[in-house]
Amino acid sequence: MISFVWAEDKNHVIGKNGKLPWKLPNDMKFFKKVTSGHPIIMGRKTFESFPNGPLPGRENIVITRNNDFSYPGVTVIQDINELNMDPNKNYCVIGGAQIFKLYSDIVDKLFVTKIDHEFTGDTFMVDLPWQKFELVSRIEGKVDEQNLWAHSFEEYERK
């Protein structure tokens, strides 16, 4: 199974200068809950945005055209066909936009944090065939002094 896990604002912004344009601890907790114990697939720039290297408790898989890129404990591939996917595992694609695009025709589940705010950004979520998915869960996030913007956690499954 392939799942997408991401957060976006009202205009589908997902990044700015290689980082998230917001600080939303509730989203980080949701991301960890959804991805822990599962392989995560990302581009090199997304991986390099992690301040402490590979995310623990998950197999970190990086797709890059850079043949010289390597990092201890990280599986590096140049093409999605190099990855021998175990059908019993849930692979979580976490970005960036180019990596989401590579898997957009075969993704099974979508986990999206929708932030009810407009941020300035330079990276946007790819267009998805939303008509092929159905909403199975929507939970309102709690707004507080740490989580300043209204947000919701939504899960969709392919019909």
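What the table below lists for this structure:
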item	result
Filter result (over 11 Å from the mean Cα position of the chain (by Cα) and closer than 26 Å to LYS159 by Cβ) within segment 12-26	HIS12
Hits in segment 1-47 (condition: among the small types (Gly, Ala, Ser), buried (at least 18 other Cβ atoms within 10 Å of the Cβ) and farther than 20 Å from ASP144 by Cβ)	SER3, GLY15, GLY43
Positions within segment 122-136 being touching a Lys or Arg at 6+ places or on another chain (Cβ under 8 Å) and either among the aliphatic types (A, V, I, L, M) or closer than 19 Å to VAL93 by Cβ (or both), in sequence order	THR123, VAL126, LYS132, PHE133
Residue satisfying all of: in segment 18-34; part of a helix (DSSP H, G or I) and either aromatic (Phe, Trp, Tyr) or in contact with an Asp or Glu (Cβ under 8 Å, 6 or more places away or on another chain) (or both); nearest to PHE124 (Cα to Cα) among these	PHE31
Residue match in segment 38-50 (condition: at pLDDT 95 or above, over 14 Å from the mean Cα position of the chain (by Cα) and part of a loop (DSSP other than H, G, I, E, B))	no
Checking GLY73 against (1) in contact with a Pro (Cβ under 8 Å, 6 or more places away or on another chain); (2) surrounded by 13 or more Cβ atoms within 10 Å (Cβ to Cβ); (3) farther than 24 Å from LYS16 by Cα, the condition it does not meet	(2)
Among the candidates ILE63, ILE99, residue that is closer than 14 Å to SER3 by Cβ, surrounded by 14 or more Cβ atoms within 10 Å (Cβ to Cβ) and modelled with pLDDT of 95 or more	ILE99
Selected residue (criterion: farthest from the chain's Cα centre (by Cα)) from residues of segment 144-159 that are surrounded by 14 or more Cβ atoms within 10 Å (Cβ to Cβ) and among the hydrophobic types (A, V, I, L, M, F, W, C)	TRP149
Segment 12-27 residues that are free of Cβ contacts under 8 Å to residues at least 60 places away in the same chain, paired with ones that are surrounded by 12 or more Cβ atoms within 10 Å (Cβ to Cβ) (beta carbon under 6 Å, 6 or more apart)	GLY18/LYS45; GLY18/SER49; LYS19/SER49
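For (1) within 18 Å of the chain's Cα centre (by Cα); (2) farther than 23 Å from ARG44 by Cβ, each residue gets a yes or a no:
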position	(1), (2)
VAL74	yes, no
ASN81	no, no
GLY96	yes, no
PHE100	yes, no
ILE106	yes, no
LYS109	yes, yes
GLU118	no, yes
GLU134	no, yes
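The values are calculated or read from the model by the stated rules, or taken from the named source; none is laboratory data. The structure displayed is predicted, hence computed values, not measured ones. Note: ideal-geometry Cβ built from the backbone for every residue, glycine included; neighbour counts use all protein chains shown.
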